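Working notes, beginning with the structure itself.
The values are calculated or read from the model by the stated rules, or taken from the named source; none is laboratory data. Predicted, not measured: the structure shown is a model, and the values here were computed from it. Positions of Cβ are generated from backbone atoms using ideal geometry, with glycine treated the same way; all protein chains shown enter the neighbour counts.
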Number of protein chains: 4
Amino acid sequence: MSTYGDKIKLTVFGESHGDGIGCVLDNIPAGICIDMDKVLTQMARRAPGKDKTSTPRLEKDFPIVKSGILDGVTTGAPISCFIENTNTRSGDYSNLLDKPRPGHADYTAYIKYDGKNDIRGGGHFSGRLTAPIVFAGAVARQILEQKGIKIAAHIASIGGVSDERFNPVDIPDELIERLNTETFALIDKDKEAAMRDVIEKARMDLDSVGGVVECAVTGVPVGIGGPLFDGIEGKISQAVFGIPAVKGVEFGSGFACAEARGSENNDSFVFEDGKVKTATNNCGGILGGISDGMPIIFRAAFKPTPSIAKEQKTVNLTTGENTTLSVKGRHDPCIVPRAVSVVEAVAALAVLDMVTL
Amino acid sequence: MSTYGDKIKLTVFGESHGDGIGCVLDNIPAGICIDMDKVLTQMARRAPGKDKTSTPRLEKDFPIVKSGILDGVTTGAPISCFIENTNTRSGDYSNLLDKPRPGHADYTAYIKYDGKNDIRGGGHFSGRLTAPIVFAGAVARQILEQKGIKIAAHIASIGGVSDERFNPVDIPDELIERLNTETFALIDKDKEAAMRDVIEKARMDLDSVGGVVECAVTGVPVGIGGPLFDGIEGKISQAVFGIPAVKGVEFGSGFACAEARGSENNDSFVFEDGKVKTATNNCGGILGGISDGMPIIFRAAFKPTPSIAKEQKTVNLTTGENTTLSVKGRHDPCIVPRAVSVVEAVAALAVLDMVTL
Amino acid sequence: MSTYGDKIKLTVFGESHGDGIGCVLDNIPAGICIDMDKVLTQMARRAPGKDKTSTPRLEKDFPIVKSGILDGVTTGAPISCFIENTNTRSGDYSNLLDKPRPGHADYTAYIKYDGKNDIRGGGHFSGRLTAPIVFAGAVARQILEQKGIKIAAHIASIGGVSDERFNPVDIPDELIERLNTETFALIDKDKEAAMRDVIEKARMDLDSVGGVVECAVTGVPVGIGGPLFDGIEGKISQAVFGIPAVKGVEFGSGFACAEARGSENNDSFVFEDGKVKTATNNCGGILGGISDGMPIIFRAAFKPTPSIAKEQKTVNLTTGENTTLSVKGRHDPCIVPRAVSVVEAVAALAVLDMVTL
Amino acid sequence: MSTYGDKIKLTVFGESHGDGIGCVLDNIPAGICIDMDKVLTQMARRAPGKDKTSTPRLEKDFPIVKSGILDGVTTGAPISCFIENTNTRSGDYSNLLDKPRPGHADYTAYIKYDGKNDIRGGGHFSGRLTAPIVFAGAVARQILEQKGIKIAAHIASIGGVSDERFNPVDIPDELIERLNTETFALIDKDKEAAMRDVIEKARMDLDSVGGVVECAVTGVPVGIGGPLFDGIEGKISQAVFGIPAVKGVEFGSGFACAEARGSENNDSFVFEDGKVKTATNNCGGILGGISDGMPIIFRAAFKPTPSIAKEQKTVNLTTGENTTLSVKGRHDPCIVPRAVSVVEAVAALAVLDMVTL
């Protein structure tokens, strides 16, 4: 199912080269003011065509709200949003019918859907489907903000070039606000040149490059989440792995904790201004699946864009022979900068689902 | 909810020092022969008290099937299983009521449940709750085996000492069978001494150590899973993060893919014996959230056991003062060896949920 | 949630006087041919404005498929459908803001949504929301037909005038096909005049009238459904009570069984042409929540249209005074004839959910 | 799935003649005091063997709480309960293996489970499975009582002999309290003799008889429930149809509304003591799927006990021949008196699921 959430419910629909794409976001309370400019800001951060790091395909990506919001205020009915597909060049994909692109869902979808899925542009598997997710996330985060919960993500690394990490025990609001508007979101902006260089080199080589996005959620009250399969890690990871190209998710110190000792990795409790805090935050704000009041911190690993112009080996499903393929079309050499707002969006949806009563 | 699954449904209940623990596994088809000896083998792998790496608490951990299996064959009714708690020493936990243990759910559960949760032994948050999960997984894997799907995990690393990794394109049945019966499961058994040494050193230092478990699932047909929030990664990660102490999950090349280029990370398709295969398996057997017929490979990072005898800083929730704590009781200096069968169990449950019609 | 189904998932969105309404139907297999003419036939049966029994509001009710169907064949992606609202006269509703209409959701929605719901035309509570349900049901029944499962409903009674009932052990295909195309569906067409007379009299009295719809599903294989909360009755009733104005649902002999003895009400098993059948069908084709291979039969009671021009007592929520109200606008004196196709639609969705693997 | 609920989750397990039966009730808040005597009172009302109207099978039906309640207070962990089967006489069922009992799930379960289900005593389909449901309902209603929500049911009719109906606009607490403790619950106790007479006559004729249970829920705040598939009617009906033998459910005036005019059936709004009330309650306290603050009223039709000693026609599944059967064993000639507490229990679970945040 292209559906996420228990208490809120997001349903995503559409195919990359069909009429359009969209989503339905259900069980949002009535009476919430939605600032559509803020929604558009988030969608613009994800939208392609901003610079050489992303696909030159231009989409207005304008979300038309069909229901659930009246005069800027939620009505309590499901919020539905539709985004037209206006700039499709399906011809680019004609040679893909026989030759599945390595790293893409072409082959697996061909088998699952018995060859009947819409292959153009990846169909329902296209990264373009993250546009309605960003719409829904932009609505969700406005509700969260009214509860004092804020979300920001940045590019933690691209092709080996790393940004600073969040200070996990202190994430200032000004940093969050700055990151929330950037299209190449970095804590240390001095790293931008080196990162863009890595991307440009990959592009010149007809290749692509992966990266990591780090995300923080502040202001989550203590006691959200639950034990076992109800934990925050499971809830967020299910949302984050819903983003195409994510292959790893870690919380707090993550994989590094596997090499640490308990005395290093445990976060001491301390009273600070009469409140219980932790001196460090290796647990990423989550103990026993439940929020401890510190920032929730996680990182998601994105694989390099699988669409590359470089020649690759593949098979011809019709002739049954091994062959080669060079993926034409307009593709990002690195999707990580645009993915930042998508990670924020799914984090917002996951957290809203958990704090919604 | 302490519940997992859509098509099958696992419900886990119990508290570490109450009457007992157990589970209900629903929607298992009728007529499946369940070999209870195989179930007990898996539970024994998880059970404590085998050697110095684990807690000396001895539990028979004998699963009493209350319903759903008659004369060794499933009846189609929910399978329920109960495991008595026989060896509890609640006195060890009396000083924890005020002082939350760092790295544990004591504080977060205290807030969530308003101080009314059963704190003894971690209550419903205890690692002991993984016993019924292993029971359910052991049932699940027997059903999967009849479909030709096999699962094995091993200790990928402990405290920085690494085992070999699975060869992701070729995992022999003999290796799977060997790993399935071991209590300290390694591909390269020569690494056992060094790993045990790391654990023993931590124990002598009144400390603990973390590690990584790698898991492979072979024989999954092409076309299982789905796009977006229905992908295999999301499904498996939700199950794996349901295991206490897991802080990271990655598939295929995982976080390493973030530093790779597309031309390196894409897995070429090749015809082999008339079948479509991939030459490498950086995607971990999953493309677009859907199985590609190659082994599904993932790794889970476990944090070091938070219960350590070494003195730690914490707070006294009653007096509101900072204080220190040394965790008494019987605890594993490293849970990773015992966690191997738990990872296999949740993988079996996740895969069964996806292949069940 | 405005969502139905476990294995398939229908999400309905929209408000009566907003931009439009629609639905998303998820998890429909790829490769199913959808005859759009048949879909339009079903939608036309529900559409208003056909004669004096229904509201004169004219809506083209044309479903625009945005995704999931390509060249008349399902792609496996969620099927989304949008229906524009073209003929809204919101002015008719201006006096309703203060005075909740008796029998409507005005008051309960006002409290639930804190006065922020779109009140125009009933908003998300409008009977108009059944249009996308009929669309989805029309898709569902085409899939069912390919499995040999057929669905038909008829007006069992209106205002005390009754049609014949289905012969519960023998429902010929010709009857099903005839009923499937009628806009005033009756087994005994001679009853039409008397029923129309009852409706017309109510209309002349500025009043409305209720009725019962009976529905049959043939060709369901033995063994669908399950015990307790998984039974067919629960599954279908949840769908049928999702139709506005339904206040009762009964299966087989229904409420009449409460006055019968076991020896009368039990359906004897008999071998007929080598197959197990029942001599009677008081159980409505369902034993222990599971289909027995006989037609599934149920009836749904519809209350009279609450919108009546006759003066009624109500309250003024602003002034806190008792007052009166005469509902203006365009309303059906009897919704039962149009509801027939809606009942068929939800039955199709419920049965498809149960037979989908 | 033998599971009910969205926000709370009830899982029922067990088979009539296995080790035992039980349930898990998840997501109950911590800190609720549970009066176990009140729980036992409800279970005693359902238990068999009280008099000639019910099966002479004696079961202690004592619920052993395994987890989730500590010192009489909920801990927030799943509440699990186990009830031993102590008085099974499986020999009585030996002749049923070949000959499905009319009106029972024998045949449909045989096909669904491929003959592998536990047929003894109806297995998982036994009415005995309602014992853990009553346990769970008894816990649920104690939580509801703390919110001012009360539930009572009575025998509305047995075999054509009717009790008074609830006054739908005024249900005094004293009536609720009286009904809550009775084993033959009637508003007008003078009807008891005539009802018992009907049952006794059926018993003497080796036959059985059906009936109707009416249930009221008072104190539900305005605004609970939702539109379309989220309505109270759908939620409650799914729970009530989960009780074996229920074949019809109606709310408020129910099927009678089909013969009424809108002006008769609409419930006028009136201000009373500054509160909005309805002068009548034909809608059963539900408008647009949402509670209106008046008592929620519904009725459930129970078919006559299918197990009758009288000879019935059936088939021999082994020989493929028509044959006859007289059902031996210990069976109620009328289950309706015992069903009253089961109806209250499922109503409590449904309402708790809706009011739980």
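Structure notes:
- If only residues of the stretch B:26-50 that are among the β-branched types (Val, Ile, Thr) and within 29 Å of D:Lys9 (Cα to Cα) are counted, the one that is nearest to the other protein chains (Cβ to nearest Cβ) is B:Ile32.
- For the stretch A:310-320, the count of residues that are free of Cβ contacts under 8 Å to residues at least 12 places away in the same chain, over 30 Å from B:Gln238 (Cα atoms) and either in a loop (DSSP other than H, G, I, E, B) or facing chain B (nearest Cβ under 8 Å) (or both) is at least one.
- The stretch B:246-268, residues that are within 24 Å of A:Asp106 (Cβ to Cβ) and in contact with a Cys (Cβ under 7 Å, 6 or more places away or on another chain): B:Gly252, B:Asn265, B:Asp267
- Criterion: facing chain B (nearest Cβ under 8 Å), touching a strand residue (DSSP E or B) at 6+ places or on another chain (Cβ under 8 Å) and more than 28 Å from A:Ser307 (Cα to Cα) - qualifying residue of A:Ala216, A:Ala239, A:Ala202, A:Ala258: A:Ala258
- Residues in the stretch C:127-139 include none that are in a loop (DSSP other than H, G, I, E, B), more than 30 Å from D:Asp118 (Cβ to Cβ) and modelled with pLDDT of 95 or more.
- Some residue of the stretch B:101-120 being at the interface with another protein chain (Cβ under 10 Å from one of its Cβ atoms), of a type in the set (S, T, N, Q) and surrounded by 24 or more Cβ atoms within 10 Å (Cβ to Cβ): yes
- Considered as a group, the residues in the stretch C:26-40 that are of a type in the set (Val, Ile, Thr) and assigned to a loop (DSSP other than H, G, I, E, B) include one that is surrounded by the most Cβ atoms within 10 Å (Cβ to Cβ), and that residue is C:Ile28.
- Output for the stretch D:221-236, where each listed residue is surrounded by 24 or more Cβ atoms within 10 Å (Cβ to Cβ) and within 7 Å of chain C (Cβ to nearest Cβ): D:Pro227, D:Leu228, D:Phe229, D:Gly231, D:Glu233, D:Gly234
- Checked against (1) touching a helix residue (DSSP H, G or I) at 6+ places or on another chain (Cβ under 8 Å); (2) part of a helix (DSSP H, G or I), D:Arg203 passes all but condition (1).
- Subset of the stretch C:268-304 (residues that are basic (Lys, Arg) and either within 26 Å of D:Gly254 (Cα to Cα) or free of Cβ contacts under 8 Å to residues at least 12 places away in the same chain (or both)): C:Arg299, C:Lys303
- Subset of the stretch D:158-177 (residues that are in contact with a Lys or Arg (Cβ under 9 Å, 6 or more places away or on another chain) and either surrounded by 22 or more Cβ atoms within 10 Å (Cβ to Cβ) or of a type outside the set (S, T, N, Q) (or both)): D:Ile158, D:Gly159, D:Val161, D:Asp163, D:Glu164, D:Arg165, D:Val169, D:Ile171, D:Asp173, D:Ile176, D:Glu177
- Residues being closer than 23 Å to C:Val222 by Cβ and part of a helix (DSSP H, G or I) - total across the stretch C:143-180: 6
- The stretch B:44-57, subset modelled with pLDDT of 90 or more and crowded, with 22+ Cβ neighbours inside 10 Å, residue nearest to A:Asp6 (Cα to Cα): B:Arg46
- The condition of being under 17 Å from the mean Cα position of the chain (by Cα), in a helix (DSSP H, G or I) and aliphatic (A, V, I, L, M) does not hold for A:Ala216.
- Screening D:Ser263 against (1) surrounded by 24 or more Cβ atoms within 10 Å (Cβ to Cβ); (2) in a helix (DSSP H, G or I) leaves a single unmet condition, (1).
- Sub-7 Å Cβ pairs linking a first residue in the stretch A:104-132 that is over 19 Å from B:Lys277 (Cβ atoms) to a second residue that is surrounded by fewer than 24 Cβ atoms within 10 Å (Cβ to Cβ) and among the aromatic types (Phe, Trp, Tyr), at least 6 apart or interchain, are A:Ile119/A:Tyr93; A:Arg120/A:Tyr93; A:Gly121/A:Tyr93, ordered by first then second residue.
- Given (1) surrounded by fewer than 24 Cβ atoms within 10 Å (Cβ to Cβ); (2) at pLDDT 95 or above; (3) over 28 Å from C:Met195 (Cα atoms), number of the condition C:Gly285 does not satisfy: (1)
- Top-ranked residue in the stretch D:242-252 [being at the interface with chain C (Cβ under 7 Å from one of its Cβ atoms) and more than 23 Å from D:Asp6 (Cβ to Cβ); ranked as farthest from the chain's Cα centre (by Cα)]: D:Gly252
- Within the stretch B:289-298, tally of residues that are within 8 Å of another protein chain (Cβ to nearest Cβ) and either assigned to a strand (DSSP E or B) or more than 25 Å from the chain's Cα centre (by Cα) (or both): 2
- Candidates A:Ala136, A:Ala131, A:Ala140, filtered to the one that is in contact with a helix residue (DSSP H, G or I) (Cβ under 7 Å, 6 or more places away or on another chain), crowded, with 24+ Cβ neighbours inside 10 Å and away from every other protein chain (no Cβ under 14 Å): A:Ala140
- Selection from the stretch D:234-260 of residues that are in a helix (DSSP H, G or I) and within 22 Å of C:Ile158 (Cα to Cα): D:Gly254, D:Phe255, D:Ala256, D:Cys257, D:Ala258, D:Glu259
- Residues satisfying the stated conditions in the stretch D:3-25, i.e. part of a loop (DSSP other than H, G, I, E, B), in contact with a strand residue (DSSP E or B) (Cβ under 6 Å, 6 or more places away or on another chain) and either crowded, with 24+ Cβ neighbours inside 10 Å or more than 9 Å from chain B (Cβ to nearest Cβ) (or both): D:Glu15, D:Gly18
- Any chance D:Val270 is touching a strand residue (DSSP E or B) at 6+ places or on another chain (Cβ under 6 Å) and more than 7 Å from chain C (Cβ to nearest Cβ): no
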